[in-house]
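Worksheet: the structure to be examined is printed underneath.
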Amino acid sequence: MVFTDMHSDGPFRKELPENETLRANLPTCEDFRSDGVFTGKWVDHPDPNFRGLYHQRSTCPRWGSDYDCELHKDENPALLAPEYRKVFQPDGCNLRPWDTLGFEKCMEGRRIIFIGDSMSWQMFISLACLLAPVTDYSSGGTWDKANTTVTGGYSGREWPDSGHITLQYFAQVKLKNGGEIMIRSFARFNGTLWDDIFAEIGPLTERDVIIANFGAWYPRFNVMELTTPFEAFKLDVEELFMEKLAKSPAQTFWRVNSPAHFGGHTGTYTAIQESLMSEGVPKRQHCDPVTMGEYWYWDHVVSVLKECGEPCNKIKLIPIFDLSLARHNSHHGTFGRGRDIGFTDCRHYCVNVIDWWNIILYSMMCF
């Protein structure tokens, strides 16, 4: 088993014995660092029969069945159980356990608005599943089927005129106590699109919560797009933080980027393997462990926060990079997704990883 640590010289992997278990008598994790560092390790749950916090197909809303690793369990049944049995043990403290009723109480008179790409969609689905017992109504699906006046034609920075931003998912969850969770999922940031979305949502207050993240559509080393997208990411993050999040009355979070596991030290998707399949290079069969992860997204976010200074102090980082880096076997590609067409999915995670993103959110937002 591996976990990561972050110092001034970046993250690295440490080998740990496989029989590590949760530690008792540690203080509760309360003070999350402003730079998004949150180290620890994955250990076995004390109950050998533990298989996650819920069963996705029986618990989640019908529209939330996508990205279910259990749908592909015949691909690797021996791996599914040990992957879902792992829980995250932070260094030096214990996270508050997930409490559905506690989160519902925290949501009284509040709205959470997720803004981001399909990784944000995954976090939204996980939260919808976790809150299913206290949900009054929910709906979700692709953006093109949504009841919205925001319908498209927005271009990404540094893209040619034909590079319109893909509008992906549109959903909402209404809790029994009136709390509301919604997502507007699209590929890349655009300031006008952001404004149009929030004009339709309605005025925000300090009780509202925005959780934003982008990155997957800004590759740095993709042979099909060269370096231009990452330069656009830098400018988009600056505009998003300084002109949107810092000036919003809402409580604001940026979810630190989630590492991919396409191989190499950083796990980044380069498109090289796929472009050479016609020359006899075999399809990717699994997702690979990595040493560093795509740290450059995180580094730039931290530098923007420092440059922005006091106006951006309200923007908190949800620290999911370290805990996700070790979970290369908990990607959908490991269980077969995309393998048949040669695009093995080593970016999207099984819910057993994503649920811990929301457990951290619970501690950061509600206490």
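For the reader, a short list of remarks on this structure follows.
- Some residue of segment 254-262 being hydroxyl-bearing (S, T, Y) and under 19 Å from the mean Cα position of the chain (by Cα): yes
- Single unsatisfied condition, Y297 versus (1) closer than 27 Å to L79 by Cα; (2) among the hydroxyl-bearing types (S, T, Y); (3) crowded, with 21+ Cβ neighbours inside 10 Å: (1)
- Only listed residue being in contact (Cβ under 8 Å) with a residue 60 or more places away in the chain and surrounded by fewer than 18 Cβ atoms within 10 Å (Cβ to Cβ), chosen from G342, G338, G309: G342
- Exactly one residue among A260, A246, A326 is buried (at least 18 other Cβ atoms within 10 Å of the Cβ) and out of contact with any Phe, Trp or Tyr (no Cβ under 9 Å at 6 or more places or on another chain), and that residue is A246.
- The set of residues in segment 51-93 being assigned to a helix (DSSP H, G or I) and among the aliphatic types (A, V, I, L, M) consists of L71, A78, L79, L80, A81.
- Among the residues of segment 125-154, the ones that are under 16 Å from H55 (Cα atoms) and touching a Phe, Trp or Tyr at 6+ places or on another chain (Cβ under 6 Å) come to 1 in all.
- Of all the criteria given as (1) out of contact with any helix residue (DSSP H, G or I) (no Cβ under 9 Å at 6 or more places or on another chain); (2) surrounded by 20 or more Cβ atoms within 10 Å (Cβ to Cβ); (3) not hydroxyl-bearing (S, T, Y), the one not satisfied by G280 is (2).
Each row is one residue, and each column tells you yes or no for (1) in contact (Cβ under 8 Å) with a residue 40 or more places away in the chain; (2) touching a Gly at 6+ places or on another chain (Cβ under 7 Å); (3) under 21 Å from S324 (Cα atoms); (4) polar (S, T, N, Q).
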residue: W63; (1), (2), (3), (4): yes, yes, no, no
residue: N76; (1), (2), (3), (4): yes, no, yes, yes
residue: L101; (1), (2), (3), (4): no, no, no, no
residue: S138; (1), (2), (3), (4): yes, no, no, yes
residue: T142; (1), (2), (3), (4): no, no, no, yes
residue: V173; (1), (2), (3), (4): yes, no, no, no
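- The listed residue being surrounded by fewer than 16 Cβ atoms within 10 Å (Cβ to Cβ) and acidic (D, E), out of D117, D44, D66, D91: D91
- Failed item, numbered, when S138 is tested on (1) modelled with pLDDT under 95; (2) polar (S, T, N, Q); (3) farther than 23 Å from P259 by Cα: (1)
- When residues of segment 155-171 are limited to those that are touching a Phe, Trp or Tyr at 6+ places or on another chain (Cβ under 8 Å) and among the polar types (S, T, N, Q), the one farthest from A187 (Cα to Cα): Q168
- Evaluation of A24 against (1) assigned to a loop (DSSP other than H, G, I, E, B); (2) closer than 28 Å to Y295 by Cα; (3) of a type in the set (A, V, I, L, M, F, W, C); (4) at pLDDT below 90 (one fails), failing number: (2)
The values are calculated or read from the model by the stated rules, or taken from the named source; none is laboratory data. In this text, all values refer to a predicted model and were calculated from it rather than measured experimentally. Cβ sites come from the backbone with ideal geometry, for glycine too, and all protein chains shown count toward neighbours.
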